[in-house]
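Worksheet: the structure to be examined is printed underneath.
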Amino acid sequence: MIRYLSVKELAERIGVKPATAARYKLPEPDAFIGDVRGWLPETVDAWHAARPGKGAGAGRKPRSAPDA
């Protein structure tokens, strides 16, 4: 039997809350059951590994030290 991940399970797998994962541009589902999407674990892993991370320019800029 093939086991597909729900949005909740996808979120758990990548370490975010389901509401956060729902805002992401998720990969194409591997299956639909009615209108419910499902992903294979390897699809989620490949998508997550290819997502841009917190590289250069991401996040807040550090505050500059006040002039002494």
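The values are calculated or read from the model by the stated rules, or taken from the named source; none is laboratory data. For clarity, every value in this text was computed on a predicted model and none was experimentally measured. Cβ placement follows ideal geometry from the backbone for every residue including glycine, while neighbour counts extend to all protein chains displayed. These area figures cover heavy atoms from the full protein model, side chains too; ligands, DNA and RNA do not enter into them. Shrake-Rupley method; radii C 1.70, N 1.55, O 1.52, S 1.80 Å.
Side notes on the structure shown:
- Residue 37 fulfils the conditions (1) in contact with a Leu (Cβ under 8 Å, 6 or more places away or on another chain); (2) open to solvent by 100 Å² or more (accessible area, probe 1.4 Å) except for a single criterion, (2).
- Considering (1) modelled with pLDDT of 90 or more; (2) assigned to a loop (DSSP other than H, G, I, E, B); (3) not charged (D, E, K, R), the lone condition that residue 11 does not fulfil carries the number (2).
- Segment 8-40: number of residues that are over 16 Å from residue 51 (Cβ atoms) and of a type in the set (A, V, I, L, M, F, W, C): 6
- Scanning segment 37-64 for residues that are among the hydrophobic types (A, V, I, L, M, F, W, C), modelled with pLDDT under 95 and either within 19 Å of residue 3 (Cα to Cα) or in a loop (DSSP other than H, G, I, E, B) (or both) yields 56, 58.
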